[in-house]
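**Q** Got a structure here, written out as structure tokens. Questions coming.
The values are calculated or read from the model by the stated rules, or taken from the named source; none is laboratory data. Since the model is a prediction, treat every value here as computed from it, not as a measurement. Every residue, glycine among them, receives a Cβ derived from its backbone with ideal geometry; neighbour counts consider all protein chains shown.
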Amino acid sequence: MNKWWKGIVIAVTVCLIAIGLNACNPSANIFRQAEARGSQIVLSTLGDFKTFNYAFNGEFPNMFLFTYEGLIGVNPETNEVEPGLAESWEVSEDKKRITFTMREGLKWSDGQPLTVDDVVFSYSDVYLNEKIPTDLRDVLRLGDGNQFPSVRKVDDRRVEFTIPEPFAPFLRTTGGIAILPAHKLRDSINTLDANGKPQFLSTWGTDTDPSKIVVNGAFTLESYAPSQRYVFRRNPFYWQKDAQGQQLPYIDRLVLQVVESTDTQLIRFRTGELDMLGELSTLRAEDFSLLKQEEQRGNFQIQQGGLRTGTLYVSFNQNQGRRENGTPLVDPIKSRWFNTKEFRQAVAYAIDRPQMINNAFRGLAEPQNSPISVQSPFYLSPEEGLKVYDYNPQKAKELLQQAGFKYNAQGQLFDADGNRVRFNFITNAENKLRVAIGAQIKQDLAAIGMQADFAPIAFNSIIEKMDTTLDWECILLGLTGGTEPHNGFNVWHPDGGSHSFNQGPKPGGSPIVGRVVSDWEREIGELYVQGARELDEDKRKAIYAKTQQISQEYLPFIYLANAKAMAAVRNRVENVRYNAIGLGIWNLPEQKVASR
């Protein structure tokens, strides 16, 4: 059983947006020539990664899926916790002490020993260090205050985590966070820059020489050509071996081409330049019928893995705060609309999801109603009482009128003060599926009198608006998902780093004056705290059921559809075990390339 799967679960935790951006068209000939010297697999990503420093990662996909591992991981096929850098662990009777035993002989990619000291450094000096603005602190936050685990070295092979109260998702979240190399990064923590901040904040950016980056995963970053490609090399010191004792990974090189659009990715796959299509996301529904006809001739197969675990949603910026100079983050007139529950519910009823599934998804999707993935034991289905918003434009109009909105003779919508209901609506332009969905939603909202000015923009601009300026009104985006609800803590807790619909100030960022947190918003955050404390699975299910009921009542995210997870895989690539959670990369070290 593969033990490599570590990164995606934690990527979910920090609420990564699963899309990329700009790229150029590299030649594949270089890699075909290089393949003669050893086996390689060629994949693709939509854009350049924003950082080579794991602590500051905020996106999916990312390079850390290939380069770093934690103490343990979660197998996406069985949903069971499995050993990683730690070969075993023990939990005390009171559930407040977790002791991990490290494997013998672990090494970093530069050949230096990987020890318990690296574990203590990673947590105490980086993730729990208040001077390091990492979203991973949200994952490690315990209870309803600023409580965090403490970490200590027991002996040369054992490390102990002590927590102030039982924490149900500890192993599935904390245990999978990457371990970082103390011998390479400690000095950057202890040395301050000209602004009095740790140099770590500017360490291992995308301008760093890849040879300087030390990792513990299956692959090392060999080279990086901006907007063209990432080349990863087999880590000669990787710990995992197969049943016959052969060291993994089997392949020598992993090439990740940066391809600027999903349309171009399809072309690259059809011309044979890519070995997989959909390995880091999912194969687009509009490409399925075309590729299905080409399977035999193209020497590939389409693998399916159930419904995707992520969410696709429309969200309004409900932040009522303002900058220090008094400038409101959102136009106060529009803010009143966005903070009206009936307004958001009307939008949910107005969106024609059946048409969206038939047209944009080609029927290869199902309606989505919950932030928790259907694969999770904590998922609440509509049959169990989850509220849904079936397409009903008349119901939408009635809700708006009940909330004081009015229609003129032309069917245009105005608020009680006579302001035309018109707002900006954005998504990332590189994702053609989202652009098509956004265009339909614009029409759906026009049918109930709203004018949504739909303008797809570059993903870099999306991130800037959501993380820094908070200057946006309505957005169409997605989040990754998983089976452990607590992985969404930083999305749902009001102080979470990815609480995007009412984002608080980021560490080191500009203050927000007058931010208002609603009662329902606070209640969801408190329930997430309770859910983490509760060890009884049935009681946890009831707690998270309530969070789903509240979120569907108040709709901070208006969910759209779950696509079916699919990937096209070359027959020459063996042992790809594709599923919706692990996609096509979770067992990458076990994958082989058939000899020609």
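**Q** Looking at this structure, is E104 free of Cβ contacts under 8 Å to residues at least 12 places away in the same chain and either assigned to a loop (DSSP other than H, G, I, E, B) or in contact with a Leu (Cβ under 7 Å, 6 or more places away or on another chain) (or both)?
**A** So E104 fails the test.
**Q** It is to be established whether one or more residues within the range 529-548 are of a type in the set (V, I, T), touching a Lys or Arg at 6+ places or on another chain (Cβ under 7 Å) and either modelled with pLDDT of 95 or more or surrounded by 23 or more Cβ atoms within 10 Å (Cβ to Cβ) (or both). It would help to see each step written out before you state the result.
**A** At the first step, the residues of the range 529-548 found to be of a type in the set (V, I, T) are 529, 543, 547.
Right, trim to touching a Lys or Arg at 6+ places or on another chain (Cβ under 7 Å) and you get none.
Within the range 529-548, none of the residues are of a type in the set (V, I, T), touching a Lys or Arg at 6+ places or on another chain (Cβ under 7 Å) and either modelled with pLDDT of 95 or more or surrounded by 23 or more Cβ atoms within 10 Å (Cβ to Cβ) (or both).
**Q** If you don't mind, another one. Got a number for residues in the range 394-442 being under 22 Å from I462 (Cβ atoms) and not basic (K, R)?
**A** First, the residues of the range 394-442 that are under 22 Å from I462 (Cβ atoms): 422-442.
Okay, now just the ones that are also not basic (K, R), so 423-431, 433, 435-441.
Of the residues in the range 394-442, 17 are under 22 Å from I462 (Cβ atoms) and not basic (K, R).
**Q** Oh, and also: Please go through the range 64-75 and pick out each residue that is farther than 17 Å from A580 by Cα, out of contact with any helix residue (DSSP H, G or I) (no Cβ under 6 Å at 6 or more places or on another chain) and assigned to a loop (DSSP other than H, G, I, E, B).
**A** Kept after step one, since they are farther than 17 Å from A580 by Cα, are these residues of the range 64-75: 64, 66-72.
With the extra rule that they be out of contact with any helix residue (DSSP H, G or I) (no Cβ under 6 Å at 6 or more places or on another chain), the set shrinks to 66-67, 69.
Passing the criteria: only E69.
**Q** Also: When the range 571-590 is examined, which residues are found to be assigned to a loop (DSSP other than H, G, I, E, B) and without any contact (Cβ under 8 Å) to a residue 60 or more places away in the chain?
**A** Going through the range 571-590, the residues assigned to a loop (DSSP other than H, G, I, E, B) turn out to be 571-572, 575-578, 580-582, 584-587.
The one that is assigned to a loop (DSSP other than H, G, I, E, B) and without any contact (Cβ under 8 Å) to a residue 60 or more places away in the chain: N575.
**Q** Got a sec? Which helices (runs of 4 or more DSSP H) wholly within the range 115-216 have at least 3 residues that are over 21 Å from the mean Cα position of the chain (by Cα)? Show your work before the answer.
**A** On the way: elements: 116-120, 136-140, 170-173, 182-190.
Passing ranges, in order: 116-120, 182-190.
**Q** While we're here: Please verify whether the range 556-569 includes one or more residues that are outside any strand (DSSP E or B), modelled with pLDDT under 95 and farther than 19 Å from Q375 by Cα.
**A** No: the range 556-569 contains no residue that is outside any strand (DSSP E or B), modelled with pLDDT under 95 and farther than 19 Å from Q375 by Cα.
**Q** Sticking with this structure for a sec: Every residue in the range 413-429 that is within 21 Å of N562 (Cα to Cα) and in contact with a helix residue (DSSP H, G or I) (Cβ under 6 Å, 6 or more places away or on another chain), please.
**A** T427, N428, listed by residue number.
**Q** Have a look at T51, T78 and point out the one that is over 24 Å from L254 (Cα atoms) and either aliphatic (A, V, I, L, M) or not in a helix (DSSP H, G or I) (or both). Before the answer, list the steps.
**A** Numbers: T51 fails: over 24 Å from L254 (Cα atoms).
None of the other options fit; the residue is T78.
**Q** Could you tell me whether the range 92-103 includes any residue that is among the acidic types (D, E) and over 26 Å from the mean Cα position of the chain (by Cα)? If you could, list the steps in order and put the result at the bottom.
**A** If we filter the range 92-103 for residues that are among the acidic types (D, E), which is where we start, we get 93-94.
When the remaining residues are screened for being over 26 Å from the mean Cα position of the chain (by Cα), the result is 93-94.
Scanning the range 92-103, I find at least one residue that is among the acidic types (D, E) and over 26 Å from the mean Cα position of the chain (by Cα), so the answer is yes.
**Q** Still on this structure: For the range 170-229, enumerate the residues that are closer than 25 Å to E87 by Cβ, among the aromatic types (F, W, Y) and modelled with pLDDT of 95 or more.
**A** Within the range 170-229, F219 is the sole residue that qualifies.
**Q** Shifting gears a bit: Residues of the range 217-238 being assigned to a loop (DSSP other than H, G, I, E, B), within 25 Å of the chain's Cα centre (by Cα) and either over 20 Å from Y68 (Cβ atoms) or not small (G, A, S) (or both), which ones?
**A** At the first step, the residues of the range 217-238 found to be assigned to a loop (DSSP other than H, G, I, E, B) are 217-218, 226-228, 235-238.
Pick out the ones that are also within 25 Å of the chain's Cα centre (by Cα) and you get 217-218, 226-228.
Scanning the range 217-238 gives P226, S227, Q228.
**Q** Mind listing whichever residues of the range 121-142 are within 16 Å of G496 (Cβ to Cβ) and either modelled with pLDDT under 90 or surrounded by fewer than 21 Cβ atoms within 10 Å (Cβ to Cβ) (or both)?
**A** We begin by selecting, within the range 121-142, every residue within 16 Å of G496 (Cβ to Cβ); these are 127, 133-142.
Scanning the range 121-142 gives P133, D135, L136, R137, D138, V139, L140, R141, L142.
**Q** To continue, here is another question. How many residues are without any contact (Cβ under 8 Å) to a residue 24 or more places away in the chain and either closer than 21 Å to R577 by Cβ or polar (S, T, N, Q) (or both) when one looks only at the range 79-101?
**A** 3
**Q** Now for a separate question. Determine, yes or no, whether A568 is touching a Phe, Trp or Tyr at 6+ places or on another chain (Cβ under 7 Å), over 30 Å from E342 (Cβ atoms), crowded, with 17+ Cβ neighbours inside 10 Å and touching a residue at least 60 places away in the same chain (Cβ under 8 Å).
**A** Yes: the conditions hold for A568.
**Q** Pick from R297, R308, R268: which is surrounded by fewer than 21 Cβ atoms within 10 Å (Cβ to Cβ), under 28 Å from P589 (Cβ atoms) and not polar (S, T, N, Q)?
**A** R268
**Q** Are there any pairs with C-beta distances below 6 angstrom linking a residue in the range 428-457 that is under 20 Å from N358 (Cβ atoms) to a residue that is among the aromatic types (F, W, Y) and not in a helix (DSSP H, G or I), with the two at least 6 apart or on different chains, and if so which?
**A** Once the first residue is under 20 Å from N358 (Cβ atoms) and sits in the range 428-457, its partners that are among the aromatic types (F, W, Y) and not in a helix (DSSP H, G or I) give G438/F454; K442/F454.
**Q** Next question, about the same structure. What helices (runs of 4 or more DSSP H) lie completely within the range 239-351 and have 3 or more residues being among the hydrophobic types (A, V, I, L, M, F, W, C) and more than 30 Å from P494 (Cα to Cα)?
**A** The qualifying helices (runs of 4 or more DSSP H) are 262-270, 285-298.
**Q** Do any residues in the range 172-195 that are acidic (D, E) and buried (at least 20 other Cβ atoms within 10 Å of the Cβ) have Cβ atoms under 7 Å from those of residues that are assigned to a helix (DSSP H, G or I) and modelled with pLDDT of 95 or more, where the two are at least six apart or on different chains, and which pairs are they?
**A** Partner pairs satisfying both residue conditions: none exist.
**Q** Could you identify the single residue in P236, P226, P249 that is touching a residue at least 40 places away in the same chain (Cβ under 8 Å) and under 27 Å from G305 (Cα atoms)?
**A** From the options P236, P226, P249, the qualifying one is P249.
**Q** I'm checking my understanding of the structure. Among residues of the range 503-534 that are hydroxyl-bearing (S, T, Y) and part of a loop (DSSP other than H, G, I, E, B), which one is farthest from I550 (Cα to Cα)?
**A** Among those residues, the one meeting the criterion is S510.
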